[in-house]
Amino acid sequence: MAIIAFIGLGNMGGPMAANLVKAGHQVVAYDLAEASRHQAKADGATIAESAVAAVKGAEVVVTMLPAGKHVLSVWNEVVPAMTGGALIIDSSTIDVDSARQAHALAGQYGVLSIDAPVSGGTGGAKAATLTFMCGGDERAFSVARPVLEKMGKKIVHCGGAGAGQAAKICNNMILGISMIAVGEAFVLAEKLGLSHQALFDVASTSSGQCWSLTTYCPVPGPVPTSPANNDYKPGFATALMLKDLTLAQDAATASGAATPLGQHAQQIYQAFETAGNGGVDFSGIIKHVRGLTGK
Ligand code: NAD
């Protein structure tokens, strides 16, 4: 089993590192936050004094950090301290441009690299059922795959450097838009005197069918496990959806893609967050949609 350094032990990274320990790997972990280091120790990881100390002698390094600036700052510190030929995986959700810069840095030091953002949330991180969307060359992917399989159940090689991040923001742009569409349909149904269950029964087996409706239904009742049945507790918080839609808009601007619905969705979630709902599940956007009618 490999020696794996894990940097960034928050809501996602903490349970992911714990799953690597459970799989029999020797995990050397580091986080700026003492509470996260403490939890990782309780989960069986060895705690390093710094990020650089964690990666010394590691065959694989995983980073799970908030945003591109944190990833570039940590990679700039740790990549020069890594063994040549070792692998570094970033599973944070970050902008495509920073991901490509991070790959280029690794290449300069003869270190293999993969961008591997995830979907599946904190539940998937705990249950080791995450989906990993990977970008990087074949060789790096073949070394990464067995490690990622200990933390997830679906591992997809999407293409070269940054392709994992590109897949993640495109997928989440569909999700953000489709949740608003489903919310609008339920609000219109309410105004027309059509019951939630009747709309669900028709749309879930018709051409309106989508994940936002059938797995994450934004009204209580039709899908008992959706956050709407639990006062819209996340799940996937509005602040994280807003982050991903903002990354999608930045990428659209940089690449010259026209994404008018993605842009409008970003503005709608922004308004919902500004009104104090950043910690509410993103399916709670239906409350904002209802509010827009003013009645
Ligand atoms: P989090 O804020 O809970 O954890 C981030 C951790 O990084 C924190 O513990 C923080 O102390 C640590 N950190 C920050 N800078 C550091 C540094 N320089 N050195 C060491 N540690 C540092 O965030 P999270 O929810 O675990 O999310 C991590 C990433 O995964 C984000 O990019 C997020 O967008 C993405 N993501 C999150 C979810 C989710 O449901 N939470 C789902 C999919 C993807």
Quiz prompt | From phi via Karplus (6.51, -1.76, 1.60), per-residue ³J(HN,Hα) for the stretch 42-51 in Hz, x at Gly/Pro | solution = 4, 7, x, 7, 8, 9, 8, 6, 7, 4
Quiz prompt | Unsatisfied cross-links (Cα-Cα over 31 Å) in the set Lys41/Lys153; Lys154/Lys191; Lys126/Lys287 | solution = Lys154/Lys191
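Quick check: from the Cα gyration tensor, does the stretch 139-183 come out rounded (a/c under 1.5), prolate or oblate?
oblate
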Quiz prompt | Convex hull projection area averaged over all views, the stretch 14-88, Cα basis, nm² | solution = 4.8 nm²
Self-check item: Table column - 3J(HN,Hα) (Hz), the stretch 215-228, Karplus curve with 6.51, -1.76, 1.60, x for Gly and Pro
Solution: 10, 10, 2, x, 10, x, x, x, 10, x, 8, 6, x, 4
Practice problem: With +1 on each Lys and Arg Cβ and -1 on each Asp and Glu Cβ, and nothing else charged, work out how big the dipole of the chain is about its Cα centre, in Debye to the nearest 20. | Solution: 380 debye
Exercise. Could you list Glu273, Glu138, Glu149 in order of exposure, starting from the residue whose Cβ has the fewest other Cβ atoms within 10 Å?
Key: Glu138, Glu149, Glu273
Practice problem: Find how much the distance from Thr215 to Ala275 grows on full extension, using 0.36 nm per residue of separation minus their present alpha carbon separation; answer in nm with one decimal. | Solution: 19.0 nm
Quiz item: Rounded to the nearest 500, what is the chain's calculated 222 nm mean residue ellipticity when only DSSP H runs of at least 4 contribute -39500 (n - 2.57) each, over all residues?
Solution: -15000 deg cm²/dmol
Practice problem: Using a 10 angstrom cutoff on alpha carbons, build the Gaussian network for the chain and name the most mobile of Val60, Val28, Val202. | Solution: Val202
Self-check item: Helix axis angle, 13-22 relative to the chain longest principal axis, alpha carbon, degrees
Solution: 60 degrees
Quiz item: Angle, helix 260-272 long axis vs. longest principal axis of the chain, Cα atoms, 0 to 90°, nearest 10?
Solution: 90 degrees
Quiz prompt | 3J(HN,Hα) from dihedral phi, the stretch 142-157, Karplus parametrisation 6.51/-1.76/1.60, rounded to Hz, x for glycine, proline | solution = 5, 6, 6, 3, x, 6, 5, 5, 7, 10, x, 10, 10, 10, 10, 8
Practice problem: Answer with one residue from Val219, Val74, Ile268: the one whose Cα lies farthest towards the positive end of the charge dipole of the chain, charges on Cβ with Lys, Arg +1 and Asp, Glu -1. | Solution: Val219
Exercise. Among Ala45, Gly13, Ala58, pick out the residue whose Cα is farthest towards the positive end of the charge dipole of the stretch 1-129, where Lys and Arg carry +1 and Asp and Glu carry -1 on C-beta, about the Cα centre.
Key: Ala45
Quiz item: Where is the GNM fluctuation largest for the chain (alpha-carbon springs, 10 angstrom cutoff): Gln249, Gln197, Gln266?
Solution: Gln197
Quiz prompt | Tensor-based shape of the stretch 3-160 (alpha-carbon gyration tensor, a/c under 1.5 rounded, otherwise prolate or oblate) | solution = rounded
Quiz item: Looking only at the stretch 1-33, which residues have a backbone nitrogen under 11 Å from a spot 7 Å from the Cα of Ser73 in the C-beta direction?
Solution: 32
Quiz item: Full extension from Gln26 to Lys41: what is 0.36 nm times the residue separation minus their Cα-Cα distance, to one decimal in nm?
Solution: 4.2 nm
Quiz item: By counting other Cβ atoms within 10 Å of each Cβ, how are Val52, Val96 ranked from fewest to most?
Solution: Val52, Val96
Self-check item: Cleavage-rule hits (GluC sites (Glu not before Pro)) in the stretch 48-108: DSSP loop, at most 16 neighbouring Cβ within 10 angstrom
Solution: Glu49
Quiz item: Counting pairs of alpha carbon atoms under 8 Å apart in space and at least six apart in sequence, what relative contact order in percent does the chain give?
Solution: 13 percent
Practice problem: Taking H placed 1.01 Å from N in the peptide plane, check which residues at least 5 places from Val62 or on another chain put their amide H under 5 Å from its amide H. | Solution: Ala5, Phe6, Ile7, Ile89
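Can you sort Trp75, Trp211 so the residue with the fewest Cβ neighbours within 10 Å comes first? Intermediate results must be reported in sequence, preceding the final value.
Details: Trp75 27, Trp211 12.
Fewest to most other Cβ atoms nearby, the residues stand as Trp211, Trp75.
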Practice problem: Would you grab the residues whose amide H sits under 5 Å from the one on Leu130? Only those 5+ places off in sequence or on another chain, please, with H modelled 1.01 Å from N. | Solution: Gly152, Lys153
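Placing unit charges on C-beta atoms (Lys and Arg positive, Asp and Glu negative, everything else neutral), compute the dipole magnitude of the stretch 166-292 about its Cα centre in debye, rounded to 20. If you can, show how the numbers build up before the last one.
Values: 6 positive and 8 negative charges, 8 e Å.
It works out to roughly 40 debye.
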Quiz item: From Cα coordinates alone, what are the radius of gyration and Dmax values for the stretch 166-292 in angstrom?
Solution: 14.3, 44
Quiz item: Out of Ile114, Ser91, Ala35, whose Cα points farthest toward the positive end of the dipole of the stretch 1-120 (charges: +1 Lys, Arg; -1 Asp, Glu; placed on Cβ)?
Solution: Ala35
Self-check item: Size of charge dipole - the stretch 1-123 - debye, nearest 20, with Cβ of Lys, Arg +1 and Asp, Glu -1, no other charges
Solution: 160 debye
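None of the figures in this text is laboratory data; all of them are computed from the coordinates on show. This one's a predicted model, so the numbers in the text were calculated from it and none came from an experiment. Note that each Cβ is placed from the backbone with ideal geometry, even for glycine, and that neighbours are counted across all protein chains shown.
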